[in-house]
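What follows is a single structure, written as structure tokens, with notes after it.
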Amino acid sequence: MEEQEASFVIIGGGIAGVSCAEGLQCLCPEEKTILLTASPVVKRVTNVVPLTKMLAKFDVEEITPDSVEQESLIVIQDPVASINSSNHTVTSISGRIFRYKKLCVCTGGVPRLISTNEHVIGIRDTESVASFQKRVANSQRIVVVGNGGIATEIVYELTGVEIVWVIKDNHISAPFIDPGAAEFFQDSLKQGKLKTEDKKPIKRKVYTVSGAETVSGGAALGPDWHTNYNLHGKSSFKSKVNVEYNCEVSAVLNPEEVDESCKIVDEKWPVYVKLTNGRTYGCDLIVSATGVVPNSDIVFTDGKQFDLAEDKGIRVNEQMETNVMDIFAAGDVCTPVWELAPHWFQMRLWTQAHQMGSYVAKTMHASLINQPVLQDFCFELFTHVTNFFGYNVVILGLFNAQKLGQNYSCLLRVTPGVEYLKIVMKEGRMQGAVLIGDTDLEEMCENLILNQLDLTNLENDLLNPDIDMDDYFD
Ligand code: FAD
């Protein structure tokens, strides 16, 4: 059987795996690295634009594996079937064996589907979006289930189709924003969203490898994934969104399973969703955007297994090491179990996949040469930049008062249609911020969260538009 050897073997060609490979190339280009991936395209972070010390915007490029390759970095499209940690080997589906000194698992996550019904679709990779696009074109009504970033983007992007948005919270986009910010976005929903030509230009360019085959098991999509796809339904109207708050899907039913207990039946639909609030909707398609489950089902042939966290992520310590000797993990597949910094927590986002991938390269290299490494500063503060309903959104620290219990207050500044600013304070110190619109306050907020300056006497002025606080702290 063919056998290859490398100092480092990485499993997974998503943002985490590729960032790790690139990091290793910078740190020790003399050491051979092999990256094994299941998909014919890999993802790379590019055009990094720092907004502050810790906050950066970047593009995500989908590229062919050979564009990442360097003299001592080989990328092989051959999914991994099993690991033998005693022999330090990995065996691929095609039967090839790869011997490693240090191994990193970056296998991402798989969509958590609410049902296996054929009309339920999860969006994860290029293939699932392509299939989604085809099905949208033939749809009059779509039910979107979930309240995270992906669901929010889908609801925003879909046109020409009636949408029923099922969310378990009492306001939209709850993982990222609070009820006030949700209210700020309501106008975008009520007005049938902005027309394509009204939208602000998309500042992040998305590159796609033309003609690249799509296969399942590919890397998760990155930001602006929807800009390459026309998500237009059968109808001529812009959009109609009906949000069903505080409920979940209790059943997905085929037409023959619908009875009088389901208080509907307007006309025949291919599939129905029964909600916990008693309503039932017929629709053409159900989008299950209820998050991902870490892809941690990795087979060991030497009886070992990974310690998994409750969310099925592979537990990693502050060096990104798993419980199995010489095996590290990074990105969506892992769950950090170190003592987290007060203003950081895990959210399975591309920012963290990139940060973890770059950092694990350092810890793998340090482990190879037996040197200590200090944890990266990026794990001091949660940061995320995104775009909801055409607005720039920057979120920092404990933006939804995570970890703070009841003991906090919020400062707000809202200009409808322009900006929404929320600052979370505890005992006179800034804990987190949500900045929607072009606010230019990200640097000030980042500094104040990190340095925990006592702002008791300044709280009233912090968001006063007539006072240049940024200048004040300079
Ligand atoms: P992935 O990107 O999932 O990569 C996993 C890799 O492992 C793939 O290359 C896969 O082929 C490979 N693999 C799996 N099993 C094997 C195996 N057995 N052998 C070899 N290779 C294997 N985040 C944001 O921050 N902003 C956004 O706007 C945003 N939008 C999103 C939109 C959608 C529709 C989705 C699904 C996700 C979005 N995310 C967003 C989340 C973000 O995409 C993920 O957090 C991030 O891509 C995770 O990167 P990763 O490298 O850990 O995993």
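Here are a few things to note about the model shown:
- For the chain, with all protein chains in place and a probe radius of 1.4 Å, 47% of the accessible heavy-atom surface sits on carbon or sulfur.
- Between Val292 and Arg112, the built amide H atoms are under 5 Å apart, and every one of these is 5 or more places off in sequence or on another chain.
- Ellipsoid semi-axes in whole angstrom, largest first, where each is sqrt(5λ) of the Cα gyration tensor of region 1-130: 26, 23, 13
- Accessible surface area normalised per residue over region 66-145 is 42 Å², counting heavy atoms of protein chains with a 1.4 Å rolling probe.
- Our summary gives the chain a relative contact order of 17 percent, counting only alpha carbon pairs under 8 angstrom and 6 or more residues apart.
- Karplus-derived 3J(HN,Hα), 6.51/-1.76/1.60, for each residue of region 287-301, Hz, glycine and proline x: 9, 9, 10, 9, x, 10, 10, x, 7, 9, 7, 9, 7, 9, 9
- Computed from label points 7 Å out along Cα-Cβ, the spacing between Lys134 and Asn230 is 1.7 nm.
- Summed over the residues of region 390-472 and divided among them, the accessible surface reaches 46 Å² per residue at a probe radius of 1.4 Å.
- Calculated on C-alpha atoms, the gyration radius of the chain divided by its Kirkwood radius gives an Rg/Rh of 0.98.
- Taking the Cα centre of the chain as origin and assigning +1 to Lys and Arg Cβ atoms and -1 to Asp and Glu Cβ atoms, the resulting dipole is close to 960 debye.
- Simple rule: put +1 on each Lys or Arg Cβ and -1 on each Asp or Glu Cβ in the chain, find the dipole, and look at Gly180, Ile93, Met356; the Cα lying farthest toward the positive end is Ile93.
- 1.4 Å probe accessible area per residue over region 225-372, in Å²: 47 Å²
- Per-selection Kirkwood Rh - region 242-377 (Cα, Å, 1 d.p.): 18.5 Å
- Close amide H pairs (under 5 Å, H built 1.01 Å from N) link Ile172 with no residue at least 5 positions away or on another chain.
- Links that overshoot a 23 Å alpha carbon limit, given the list Lys134/Lys268; Lys312/Lys426; Lys53/Lys362; Lys32/Lys304; Lys32/Lys102: Lys312/Lys426; Lys32/Lys304
- Value of relative contact order over region 316-453, rounded to a whole percent, pairs C-alpha under 8 Å and six or more apart: 18 percent
- Whole-Hz Karplus values for region 112-122 come out as 8, 8, 6, 6, 9, 3, 5, 8, 9, 10, x Hz, taken residue by residue from phi with 6.51 cos²θ - 1.76 cosθ + 1.60 and θ = phi - 60°; glycine and proline positions read x.
- Peptides 2-11, 285-294, ordered by how many other C-beta atoms sit within 10 Å of their residues on average, highest first, read 285-294, 2-11.
- Linear extension gain, Lys304 paired with Ser82, 0.36 nm per residue minus alpha-carbon span: 78.8 nm
- DSSP-assigned coil residues among GluC sites (Glu not before Pro) in region 56-146, each with at most 11 further Cβ atoms within 10 Å: Glu71, Glu118
- Set the Cα radius of gyration of region 297-399 against 2.2 N^0.38 Å, with N its number of residues, and you get 1.19.
- Paired Rg and Dmax values of region 390-472, which use every Cα atom, in angstrom: 12.0, 35
- Start at zero, step by 5 Å, and the Cα-Cα distances of region 28-95 spread as 4, 14, 16, 17, 18, 15, 8, 5, 2, 0 percent across the bins.
- Taking 22 Å as the limit for the C-alpha separation, the pairs Lys168/Lys240; Lys274/Lys403; Lys57/Lys403 exceed it in the case of Lys274/Lys403; Lys57/Lys403.
The values are calculated or read from the model by the stated rules, or taken from the named source; none is laboratory data. Owing to the predicted nature of the structure, the values given are computational and were not obtained by experimental measurement. Glycine gets a Cβ as well: all are built from the backbone with ideal geometry, and neighbour counts include every protein chain shown. Surface areas here come from the heavy atoms of the whole protein model, side chains and all, with no ligands, DNA or RNA. Shrake-Rupley method; radii C 1.70, N 1.55, O 1.52, S 1.80 Å.
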